[in-house]
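The values are calculated or read from the model by the stated rules, or taken from the named source; none is laboratory data. Computed from a prediction, not measured in an experiment: that's the story for all the values here. Cβ placement follows ideal geometry from the backbone for every residue including glycine, while neighbour counts extend to all protein chains displayed.
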Amino acid sequence: MKRWLQQFSFKKSAYERPNQTWVCGRTCSGAGCLVGPDAQGNCRATTECRPLRKGDRWQCTRAASQGGPCPDGPLPDGACCRTIPKCIPLRGLRSWRGLASLGAFAVSLALILFVFGSSRRGNNFLSPGGLSASHAFTGSKCSDCHPGLEGPPARWLTGTNHLATDGRLCLDCHNVGSEPFRPHALPEETLKLLTEAVLGRKPTGKLTASLAVASLASRRHDSAAQQLDCAVCHQEHLGANHDLRTITDMQCQSCHSVQFSGFAAGHPPFPKEPFTRRTRIIFDHDSHLKHHFTDAASAPSAPTSCVSCHEPDLKGASMTLKPYEVTCAPCHDDQIKGKGAVKIGLTFIGLPRFDDRSLTGKFGIGQWPEDAEQPMTPFLRLLLAADPKVLSAMGTLGEADLSDISKTDTAKLAAAQTVAWGIKGLIFDVVTRGQDELIERLTKSLGRQLTSHEQESITAFITSDVIRTAFASGFPRLQDEVINYRTKGEAADTELMPSPPLAKATAVKTAPPDVRVNLGGWYSADASFALKYRPRGHADRFLTEWMNLTVDTNKTALPAVAGALFDEVAGAKAPGLCAKCHSIDSKPDFRVNWTGRRPDRMEHKFTRFAHSAHVSLLEGQGCQTCHSLKVTADPDAFASAYKPGQRDAFIAHSNFGGVTQTSCASCHQPAFVRADCTTCHNYHVGRFQSSILKSAGFDGKALAPVAK
Amino acid sequence: MMFSTRRRLGLAVLILASLAFWLVDHALTANLRRPAIFSGLSLMTVVLLLTLFNARKKLPFLPLLRASTWMQVHIYAGIFSVVLFFIHVGPKVPHGWLESTLAVLFLGVAVSGFVGLGISRWVPSRLTLSGENLIFERIPALRSAVSQEVENVVIDSVGQTNSSTIADFYEKKLRPYFAEPRFIFSHLVGYQKPVLRLLSEVEALDRYLNPEEKAIMTQVTELIRAKNNLDMQLAGQGLLKGWLFVHIPLTYSMIVFAVVHGALAWLVH
């Protein structure tokens, strides 16, 4: 027979109140009282009942559940005879649960308050995670990156500083251009132009559902004007191994007006004419490949493939030109050294012929070589221009023929006399003072201080002996004449000096003067009264430095003279033939391009490509797999970008067509080769040095950025 | 509303809400717009909604829907909060002390909640099958009564049978059993061997008893079974109430940490 333990009749069992905080201490033994403890946990038990008087008798009122009226009944004074012993009330289950909850709350709150009161512990405890390895050294305290989080956390809330990350602090160590918080570090106007350029373009592929959803919250509507803090993309506090540059393609496109699903699905095609700038070295691949390299005379020296002349840079990113000695010298070295050229040397100082019939008497010019017939070279003009009087006189003369000056034109006669004595003074000063005199004069005429390198280069280590030798026979009494002219103002009457007789032919064969300096240097031809310079070959410092100094005439004190000088050294037939291969730009800036394009570590372009990583993948066609030679009907198309006077570097006709996007996408596609945006694209673009160099001062105190 | 319909409706709302929040989070993430602020505020709101269930229980006199409706909302909102938590945290493990502690607390609350849900679905049916359903608060008193009753029966048996066989057996084997709750863990896992072993010992004693003693021993056996049910009820109902000792304190602790985390995130973001 099944036993039923519980009774549910109100007469047989008590009513349970599990919500009460305290329960009778004798409940467990089954003898719990009906009254139970009070709210504070005090036992309220007194007697089992409170007798009721009926007439003259007291009746027991003990509850039925407690056994009903007791057999002894109340005492004569009406008190219950059954006293309940006091118990120690116990907490109910809910009460214990409440205490546990309160305890957990209190412990948590205490821990938080403890942490908030302590600077070091607060920083450690409240940090949302470890810093990346590259920032580990800055992680000593929160305020390193959050200016408002200085001191213990309790102070954060009362401080006035903004608590968020301040991207400006990032710039203490990182340089991303002049507008670091703009998208792509570009000015708003540039961004707007770029946006307008692509607005009409429609993506070729369909957007993925994921991208379509993402585009609902796109930033593109205000992308050009907005400021982006570093922390928008570079998420910190994700542990030492987190790569701060991690970003998804969708995140890249969040600001973009035209979105697409992937490189192989909707990426805009590459431009057909990717080379917007003409090459710095004027090298027509088409004509060389078709004509010169196939020529029987040149063929043995000609390169056999692209890599004969091109090689990857140290990073393997760009292809650069190999040195001149490898690429051009086999065919062009003799040309540059002047072999077979009409004009081998460059006249530095040459004596002009003056009108000796007009320049007499008070317009006398003293002794002057009878056979002097040289033109006034730009070099000579520049040296003379250092003397204001002579400069003024040259201005008066203009382009007048010095050998034929009217006797009645006294102004020109006086000017010609001044120029003549200026030339004699120049020679006298250089002979007596040497290179210092040349440098002083050139410094004045060029209008700026010259560096040691420039001084060495533009004088080509000329000596006073060379100058004395060149002009000694024309001015036997140079010293007396110049001193008298300068100190007493006495201009000796004009006296034409015949050239010394030429040496008689002997058995010893004398080489011509310019041949005697086959390796380059200063020389003068017999009785020519001209001091000449023969370039030593490729990259001659004299020529390159004069071209560098005068390419931008506006930067010189005498633009007209500087311009003439530049034309002299950079002319198509000038010795050295520099301008035959080295293009000269005036746009975007004035420069002579002495080298091919070289990787610029300051330059951060939108797109990057690692040539060396792809070389091993090429088959058959090699470089032409991507860089195909253009077929053009006009054989002079390439040369037209370099025609005389055309100095805009962005007028270009490349020999090569553009790389096609499909050729890249054949490998770069999902599940094959990386095809995310950052594979090929940089975010921070412009010209800047990424890392900022910091150095302690020699006093060991300062540790400040040196350059940004 | 039928239970199955209610469950289907609840699951459908849960899935739709989860999908909607995931999509919003995805859109915000893809656009570098601080999705953690959105998912964090949403999670905080849901957690506060979940705590209202406890408040509702303290206000039974207010006409604020039925407790069972609140329970359903609590269950589905609880599952939704777990979804939001993983959306908020993402596929990474929290790093900092504050956030790691908060994550552990949240997972503790969530796991205890799921365990509690499982207990509330599993234990009652087992208790019903076990025997008489008892009020938890009465179990100690009932155990005391049973213990007293069996002791009376055993003492009486000595006078009735002039034999101490049952009394000796009681003293050796049964007194410890009746003195306190026994085999609680076995009851929790449904392992009945301990009590069956005791009953088999009672059965083994049977061959040494005369008919009068056997009748008394039958009474004792009934009381053993009644005590077994008492222990079973204590274990089961204790479990039904005990998991809240983990769930609710952890919730309070979690709310403290969550408020600090939320305030910092809001101020620093």
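Values for this structure:
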quantity	calculated
Residue list for the range A:297-313, filter: assigned to a loop (DSSP other than H, G, I, E, B) and surrounded by 11 or more Cβ atoms within 10 Å (Cβ to Cβ)	A:Ser298, A:Ala302, A:Pro303, A:Cys309, A:Asp313
For A:Asp429: the one exception among (1) among the acidic types (Asp, Glu); (2) more than 22 Å from A:Leu402 (Cβ to Cβ); (3) surrounded by 15 or more Cβ atoms within 10 Å (Cβ to Cβ)	(2)
Options A:Arg94, A:Arg53; residue that is part of a strand (DSSP E or B), surrounded by fewer than 17 Cβ atoms within 10 Å (Cβ to Cβ) and of a type outside the set (Asp, Glu)	A:Arg53
Filter pass, A:Leu402 being touching a residue at least 40 places away in the same chain (Cβ under 8 Å) and assigned to a helix (DSSP H, G or I)	no
Selection count, the range A:17-37, where residues are at the interface with another protein chain (Cβ under 9 Å from one of its Cβ atoms) and touching a strand residue (DSSP E or B) at 6+ places or on another chain (Cβ under 9 Å)	5
Every pair of residues 6+ apart whose Cβ atoms lie under 9 Å, when the first sits in the range B:202-223 and is β-branched (Val, Ile, Thr) while the second is outside any helix (DSSP H, G or I)	B:Ile216/B:Leu209
Pairs where the first residue, in the range A:622-637, is touching a residue at least 40 places away in the same chain (Cβ under 8 Å) and the second is exposed (fewer than 14 other Cβ atoms within 10 Å of the Cβ), C-beta under 7 Å, 6+ apart	A:Gly622/A:Ser305
Residue satisfying all of: in the range B:123-139; within 15 Å of B:Leu223 (Cα to Cα) and modelled with pLDDT under 90; farthest from the other protein chains (Cβ to nearest Cβ) among these	B:Ser130
Checking A:Thr276 against (1) buried (at least 18 other Cβ atoms within 10 Å of the Cβ); (2) in contact with a Phe, Trp or Tyr (Cβ under 8 Å, 6 or more places away or on another chain), the condition it does not meet	(1)
Candidate set from the range A:503-532 (those that are hydroxyl-bearing (Ser, Thr, Tyr) and surrounded by 15 or more Cβ atoms within 10 Å (Cβ to Cβ)); member that is modelled with the lowest pLDDT	A:Ser528
Pair list, Cβ < 9 Å and 6+ apart or interchain, from the range B:84-101 residues that are in contact (Cβ under 8 Å) with a residue 60 or more places away in the chain and within 8 Å of another protein chain (Cβ to nearest Cβ) to residues that are surrounded by 14 or more Cβ atoms within 10 Å (Cβ to Cβ) and among the hydroxyl-bearing types (Ser, Thr, Tyr)	B:Leu98/A:Ser127; B:Glu99/A:Ser127
Leading residue by the ranking (modelled with the lowest pLDDT) among those in the range A:314-342 that are surrounded by 15 or more Cβ atoms within 10 Å (Cβ to Cβ) and assigned to a loop (DSSP other than H, G, I, E, B)	A:Ala341
Only one of A:Pro312, A:Pro271 that is touching a Gly at 6+ places or on another chain (Cβ under 7 Å) and within 25 Å of A:Thr662 (Cα to Cα)	A:Pro271
Among (1) aliphatic (A, V, I, L, M); (2) in a loop (DSSP other than H, G, I, E, B); (3) surrounded by 11 or more Cβ atoms within 10 Å (Cβ to Cβ); (4) at pLDDT below 90 - the single one A:Ala652 does not satisfy	(4)
Test: residue in the range A:69-85 that is part of a loop (DSSP other than H, G, I, E, B), out of contact with any Gly (no Cβ under 6 Å at 6 or more places or on another chain), at pLDDT 90 or above and within 14 Å of chain B (Cβ to nearest Cβ)	no
Selected residue [outside any helix (DSSP H, G or I), within 11 Å of chain A (Cβ to nearest Cβ) and farther than 24 Å from B:Val259 by Cβ] from B:Leu32, B:Leu23	B:Leu32
Matching residues, the range A:8-29, being of a type outside the set (Ser, Thr, Tyr) and modelled with pLDDT under 80	A:Phe10, A:Lys11, A:Lys12, A:Ala14
Residue match in the range A:249-272 (condition: touching a residue at least 60 places away in the same chain (Cβ under 8 Å), of a type in the set (Ser, Thr, Tyr), surrounded by fewer than 19 Cβ atoms within 10 Å (Cβ to Cβ) and under 30 Å from B:Gly96 (Cα atoms))	no
Those helices (runs of 4 or more DSSP H) lying entirely in the range B:156-269 with at least 2 residues modelled with pLDDT under 90 and within 14 Å of chain A (Cβ to nearest Cβ)	B:244-268
Any hit, the range A:111-127, residues being in a loop (DSSP other than H, G, I, E, B), closer than 30 Å to A:Arg26 by Cα and within 14 Å of another protein chain (Cβ to nearest Cβ)	no
Pick from the range A:1-16, criterion of a type outside the set (Phe, Trp, Tyr), surrounded by fewer than 16 Cβ atoms within 10 Å (Cβ to Cβ) and under 24 Å from B:Pro60 (Cβ atoms), ranking: nearest to the other protein chains (Cβ to nearest Cβ)	A:Glu16
